[in-house]
Amino acid sequence: MSAFQAIKEIKVGIDFGDGIIPVGRLAIRDRVIYFEYDRGFIDHGMEISPLRLLLQSGVQQFDYDLFEGLPGVFNDSLPDGWGRLLFDRYIRSKGQLPSGVTPLDRLAHIGQYGLGALVFEPDHSADETQDNINLDTLANQAQEVLDGASDDVLAELIALNGSSAGARPKALIGVNKKRDHIIHGAHELPQGYEPWIVKFPNTQDGMDAGAIEYVYALMAKEAGIIMPDVHLFPAQHGAGYFAIKRFDRDGEKRYHMHTACGLLHSDFRTPSMDYEDLIALTSMLTRDVREIEKLYRQTAFNVLAHNRDDHSKNFSYLMDDNGQWTLSPAYDLTFSSGPRGEQSTMVMGEGRNPNTEHLLKLADEASIKKDCAVEIIETIESCLAKWPELAKQYGVHKANIDLIGKKINSDG
């Protein structure tokens, strides 16, 4: 990683896998961020953020209180949680305060290798090697950072984190087809390797957190939810490390990725969103009833499986090089409690105890026929009934099998 230096201006581009298309430029002055589209990109007619970053000439600026003044689409390129902790710790190790680092400085350290298709220049991202990776070693290093120790591993962990979000430590890895060899995966991968993300427990998780998320993914897939490939890598301690194949990459192809949080300029830390909002957003972006049904199925799973950390960063949309939007495959599906134990995203105004009645009302709002909604709900309930058996098979602790089983049975 290059030495830290303040950035005044950043060129933004988009790369769908066949070369960078200039999008525009970001500039900062007196802590205020400005953005201007490239004239050629406006003529191209592609909207990367159709609600909040209008495709028009002239300089645009945004509310400083949200995303530190950055447009939501570019804020989506920045890590939060674990990734921000790493970078801030790295800045401190260089004798500087994170408060002096602007969003443009952070984008420069994402460079050309963040999630999605947006790229940023200058590129101050970490140098990359194709070294082999030991997941147990990475997990230990992540724990050392969480414990406030070991500044010497910060640069490597930052390189592996890319722009992934969320509180749990993550690493971007390359995995071979047999899934028995792992390398650094933030940059281009050699032939025969695919890009994946692997998660490690944080200080609040038990050692079976990876196994719980893996079982949830198996149940979700069986319930008809579109998910990427998942895998539970063996661990020296605990039931294993949960990993998921990246859906913003398909061979050489890259997809532009935008969260509901960034699209709506919604602060995911103070939940105020309802699934009605997501239905409306999905309809507006995709204009496809199949995408709305995909979202509804995911909604029902979240409610019935007690996944209450379903905030606006946990829903994303993908845009291809033709400007066509789709709902992304599902991710971050696991047993969780939301703020004050409530659903982070409400269902028809209900956050504390949403149930099948609220789900059926939402189906009506989304123009999904009642018999179709009932079939989706019954299919999910049938798949969730396999929780105790699958959880035991993959090493979830008995106390968690019982606790989650009880919550699953009480929801709905």
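Numbers for the structure displayed
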{"item": "Residue check, residue 52 in a loop (DSSP other than H, G, I, E, B), of a type in the set (Lys, Arg) and either over 21 Å from residue 198 (Cα atoms) or modelled with pLDDT of 90 or more (or both)", "result": "yes"}
{"item": "Residue match in region 55-67 (condition: under 26 Å from the mean Cα position of the chain (by Cα), surrounded by fewer than 16 Cβ atoms within 10 Å (Cβ to Cβ) and aromatic (Phe, Trp, Tyr))", "result": "yes"}
{"item": "Checklist (1) of a type in the set (Lys, Arg); (2) surrounded by 19 or more Cβ atoms within 10 Å (Cβ to Cβ); (3) in contact with a Pro (Cβ under 7 Å, 6 or more places away or on another chain) applied to residue 254, failing item", "result": "(3)"}
{"item": "Among residues of region 103-119, those that are within 14 Å of residue 188 (Cβ to Cβ) and open to solvent by 20 Å² or more (accessible area, probe 1.4 Å), counted", "result": "2"}
{"item": "Candidates 15, 76, 88, filtered to the one that is in contact with a helix residue (DSSP H, G or I) (Cβ under 7 Å, 6 or more places away or on another chain), at pLDDT 95 or above and among the charged types (D, E, K, R)", "result": "76"}
{"item": "Condition check for residue 192: open to solvent by less than 30 Å² (accessible area, probe 1.4 Å) and out of contact with any helix residue (DSSP H, G or I) (no Cβ under 6 Å at 6 or more places or on another chain)", "result": "no"}
{"item": "In region 219-235, the residues that are touching a Lys or Arg at 6+ places or on another chain (Cβ under 8 Å) and open to solvent by 30 Å² or more (accessible area, probe 1.4 Å)", "result": "222, 224, 226, 229, 231"}
{"item": "Conditions (1) part of a helix (DSSP H, G or I); (2) touching a residue at least 60 places away in the same chain (Cβ under 8 Å); (3) farther than 18 Å from residue 283 by Cα: number failed by residue 300", "result": "(3)"}
{"item": "Set 221, 245: member being charged (D, E, K, R), without any contact (Cβ under 8 Å) to a residue 24 or more places away in the chain and closer than 30 Å to residue 389 by Cβ", "result": "221"}
{"item": "Residue check for residue 310: assigned to a loop (DSSP other than H, G, I, E, B) and under 14 Å from residue 345 (Cβ atoms)", "result": "yes"}
{"item": "Matching residues, region 236-251, being buried (at least 16 other Cβ atoms within 10 Å of the Cβ), on the phi < 0 side of the Ramachandran plot and not aliphatic (A, V, I, L, M)", "result": "241, 242, 245, 246, 247, 248, 249"}
{"item": "Qualifying position, being under 19 Å from residue 281 (Cα atoms), open to solvent by 20 Å² or more (accessible area, probe 1.4 Å) and either modelled with pLDDT of 95 or more or among the aliphatic types (A, V, I, L, M) (or both), among 346, 319", "result": "346"}
{"item": "Hits in region 110-135 (condition: out of contact with any strand residue (DSSP E or B) (no Cβ under 9 Å at 6 or more places or on another chain) and either at positive phi or touching a residue at least 40 places away in the same chain (Cβ under 8 Å) (or both))", "result": "124, 125, 126, 127"}
{"item": "Matching residues in region 1-41 - criterion: being open to solvent by less than 70 Å² (accessible area, probe 1.4 Å), closer than 17 Å to residue 319 by Cα and not in a strand (DSSP E or B)", "result": "16, 17, 19, 41"}
{"item": "Condition met for residue 116 (modelled with pLDDT of 90 or more and either touching a Ser or Thr at 6+ places or on another chain (Cβ under 6 Å) or part of a loop (DSSP other than H, G, I, E, B) (or both))", "result": "yes"}
{"item": "Any hit, region 289-301, residues being open to solvent by 30 Å² or more (accessible area, probe 1.4 Å), more than 19 Å from the chain's Cα centre (by Cα), over 25 Å from residue 367 (Cβ atoms) and not polar (S, T, N, Q)", "result": "no"}
{"item": "Selected residue (criterion: farthest from the chain's Cα centre (by Cα)) from residues of region 316-346 that are more than 26 Å from residue 365 (Cα to Cα) and among the acidic types (Asp, Glu)", "result": "321"}
{"item": "Residue 331 being aromatic (Phe, Trp, Tyr), surrounded by fewer than 24 Cβ atoms within 10 Å (Cβ to Cβ) and in a loop (DSSP other than H, G, I, E, B)", "result": "yes"}
{"item": "Residues (among the hydroxyl-bearing types (Ser, Thr, Tyr) and not in a helix (DSSP H, G or I)) located in region 375-412", "result": "394"}
{"item": "Any hit, region 66-76, residues being small (Gly, Ala, Ser) and closer than 20 Å to residue 10 by Cα", "result": "yes"}
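The values are calculated or read from the model by the stated rules, or taken from the named source; none is laboratory data. None of these values were measured; they are calculated from a predicted model. Glycine gets a Cβ as well: all are built from the backbone with ideal geometry, and neighbour counts include every protein chain shown. All accessible areas refer to the heavy atoms of the entire protein, side chains included, with ligands and DNA or RNA removed. Shrake-Rupley method; radii C 1.70, N 1.55, O 1.52, S 1.80 Å.
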